[in-house]
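Participant: There's a structure below that I have some questions on.
Just so it is clear, none of the values below were taken in a lab; they were calculated from the coordinates. Please read these numbers as outputs of a predicted model, since none were measured by experiment. FYI the Cβ positions are ideal-geometry reconstructions off the backbone, even for glycines, and counts take in every protein chain you see.
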Amino acid sequence: MRKFLQRVLSGPVIRLANKYSSRPDKVRVHAALTSLYQKILEDPGKRGLVIDFHASSKMIVFSDQHKGSRNFRDDFLLAEKNYLAALQYYNEKEFLYCNLGDSEELWENTVESILKHNKDTFRAESEFLRRNAFIKVFGNHDLYWDNDPLASLNLYRAYGQKVKIYEGVIIKMEVKGRSLSFFLTHGHQGDLQSDGNWFSKWFVSTIWGPLQSFLRINPNTPAYDNKLKSEHNQIMYDWTAMQQDLVLITGHTHQPVFNSLTHLERMYIRLKKARKKADIVEVKAIEAMFAAGKISGDASPRLDYSKNTYFNTGCGCFDDGDITGIELESGMIRLVEWKSVDGQHKRVILEESPLERLLDSTEVTTIV
């Protein structure tokens, strides 16, 4: 019976969930991003941090784990081992870790349940905290950390020490003698249906959560509402395209974006080049990934000659257990994937680029 209902109900229920979980408005999103960016610059430490990055600095950015309660609505369940392996790798290499929001699924689960069932991941994250190398940013699904009176107490219970919660981070660095800034935030700001909206929370907790648990489905696959995700990514790109030497990194959409192109778009470009060069091995490898459904994303209006200044981490809860994130290291920015291969956890570089390619070649209007 469950399998029959999965076939019949999964599509309509997911479409309904998408309808009421995210509906970005360009004007509101742009105004919210500008306001937050300026607040962080004007009063560092309150809503966000301002960090000076140096040549030896290293950062990993993950988001959207949506840690749950070990039931069938727990999107993080299959990804936990890859996440733990990744954290061990980055901690040993002394990376700064920025968790960019929706780390905990607090629309569908209680805080007590999250704390009870995710001790290993909180312990792994606390290793960065001990080195003063952990930044926790809230998203719409873990907004609790920012606005509940008991949040600080429960964060202490999770990590064993005090944890400051931020809405964003600004990183400043010098690249080729010029100043380049990175603005990191979850990306839900200005989205009427997910920026703390009560109806979305009610729908997810009362309707979507129980149905997801019963149907045993995970919506974080390439098939579900990529058009809406790409529209949101496009709005984010439009904002950063109007700034000068400013890179925007978000999460929220669960759709990896690198140099302002979705990973899907970049793979199509790579396939086109491989076919042109008659590289049969590369063509077959890329076609196999498409056939296996391993490429997430959708087309967007972004043009090949546009700016390379919008990035999205993807998520930490893909339905096959893989996770994606953004690395900053040694003058490079990378989109990485952690996956299980023959029982081993493997780090795969999906895309990479020198930071100097993110610098603007011409002057543009700043912060509008």
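Participant: Suppose every Lys and Arg Cβ carries +1 and every Asp and Glu Cβ carries -1, with no other charges. What dipole size does the stretch 34-112 come out with about its Cα centre, to the nearest 20 debye?
Facilitator: Working: 9 positive and 14 negative charges, 36 e Å.
Around 180 debye, computed over the stretch 34-112.
Participant: Another question, if that's okay. Please identify every one of the trypsin sites (Lys or Arg not before Pro) in the stretch 54-83 that sits in a loop by DSSP and has no more than 16 other beta carbons within 10 Å of its own beta carbon.
Facilitator: On the way: sites: K58, K67, R70, R73, K81; in loops: R70, R73.
Hits after loop and neighbour filter: R70.
Participant: To continue, here is another question. Add +1 for every Lys or Arg and -1 for every Asp or Glu among the other residues with Cβ under 11 Å from the Cβ of G251, and state the total. Walk me through the intermediate numbers first.
Facilitator: Details: positive: none; negative: D64, D102.
Here the count lands on -2.
Participant: In a shell of Cβ-Cβ distance under 12 Å around L355, excluding L355 itself, what net charge do Lys and Arg (+1) and Asp and Glu (-1) give?
Facilitator: Values: positive: K176, R178, R334, R357; negative: E174, D245, E327, E329, E352, E356.
Combined, the nearby Lys, Arg, Asp and Glu give -2.
Participant: Quick one: net charge of S69's neighbours, Cβ under 13 Å, K/R +1, D/E -1?
Facilitator: -2
Participant: Further question on the same structure: Among the GluC sites (Glu not before Pro) in the stretch 73-111, which ones are in a DSSP loop with at most 13 other Cβ atoms within 10 Å of the Cβ? Mind listing them? Mind showing how you got there, number by number?
Facilitator: On the way: sites: E80, E92, E94, E104, E105, E108; in loops: E94, E105, E108.
Here the GluC sites (Glu not before Pro) that fit, given the DSSP loop and packing criteria, are E94.
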